[in-house]
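**Student:** There's a structure below that I have some questions on.
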Amino acid sequence: MPNDDIKPTRSGLLLVRRRMALAERIHRLLKMKLDGMMLELVKLTDQTARERRELEEKYSRAREMVAIAAMMEGATGVLLAALSVETSPTYTAGHRNVFGVRLPELEPAMVKKTLDQRGYGILGTSSVIDDAADAYEELIEAIIASAELEGGVKRLLDDIERTRRRVNALEFKIIPELEEARRSIEDQRDEMERQEWARLRRIKKIKAKRAGWL
């Protein structure tokens, strides 16, 4: 029911007061949620920055190790070793709930492999191939970890923006309108009571005059 449709009665005043109490309670809860999400965002942002630096370091090391492997074993040897791997790295996806926001959780699967799982055999290659494989497996794990954190940051930012809009709507529109409706109803009720008292006084005077005539 819009505020303009509420009648200036006692029940209408109680309705507005209940709406105000509810709006103020929701406003407090959303403010607490917003503050909590901001703290979580700061923590995630710091973790993301650290993870991104580690990712860049692991990327540089992986490029360096594959370059050494190509120099020692030849580009064809590196390519054959890569093609020997039968199981591609992947991840499993889940989520965790933070202040009602579903943040992604990504778990690497079949990324770190044993020498047997790599498929190229230890007799036909040198240790530089293993070093390059280790470096790229660490790089893939870092990519998955970074993607998890950046996905969490994005979802938090989206929900922070939605929550901030709701907080602002309550603070600057809904609550002030309810406050104005409450004051308006109280003013109208006060005016109606004054008019009623004035009417009762006139009736009393009329009755007193009639009694005097009799």
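Coordinate-derived values only; no laboratory data. What you see is a predicted model; the values in this text were computed from it and never measured. Here the Cβ is made from the backbone with ideal geometry for all residues, glycine too, and neighbour counts use every protein chain on show.
**Student:** Can you pull a Stokes-Einstein diffusion coefficient for the chain at 37 °C (0.692 mPa s), Rh from Kirkwood over Cα pairs, as a whole number of µm²/s? Before the final figure, lay out the partial values.
**Tutor:** Details: Rh = 23.9 Å.
It comes out at roughly 137 µm²/s.
**Student:** Additional query: How big is the convex hull of the Cα atoms of region 42-145, per residue, in Å³?
**Tutor:** Residue-normalised Cα hull volume stands at 89 Å³.
**Student:** Then there's this: About its Cα centre, how strong a charge dipole does region 12-209 have in debye, to the nearest 20, once Lys and Arg get +1 and Asp and Glu get -1 at the Cβ?
**Tutor:** The dipole magnitude comes to about 3180 debye.
**Student:** Something else about it: Give the percent of DSSP beta bridges with both residues in region 12-209 that are antiparallel, rounded to the nearest 5.
**Tutor:** 100 percent
**Student:** Along each of the three principal axes of the Cα atoms of region 125-181, give the extent in whole Å, ordering the values from largest to smallest.
**Tutor:** The principal-axis extents, from largest down, are 82, 7, 7 Å.
**Student:** Excluding PRO108 itself, calculate the net charge of residues whose Cβ lies under 13 Å from the Cβ of PRO108, where each Lys or Arg counts +1 and each Asp or Glu counts -1.
**Tutor:** -4
**Student:** Got a sec? Charge dipole of region 12-209, +1 on Cβ for Lys and Arg, -1 for Asp and Glu; which of ALA67, TYR136, VAL167 is way out at the positive end?
**Tutor:** VAL167
**Student:** Could you work out the helix-only [θ] at 222 nm for the chain, with each DSSP H run of four or more residues adding -39,500 (n - 2.57) and the total divided by the number of residues, to the nearest 500 deg cm²/dmol?
**Tutor:** -27500 deg cm²/dmol
**Student:** Write down Rg/Rh for region 1-68, rounded to two decimals, with Rg from the C-alpha atoms and Rh from the Kirkwood relation over Cα pairs.
**Tutor:** Looking at region 1-68, the ratio lands at 1.58.
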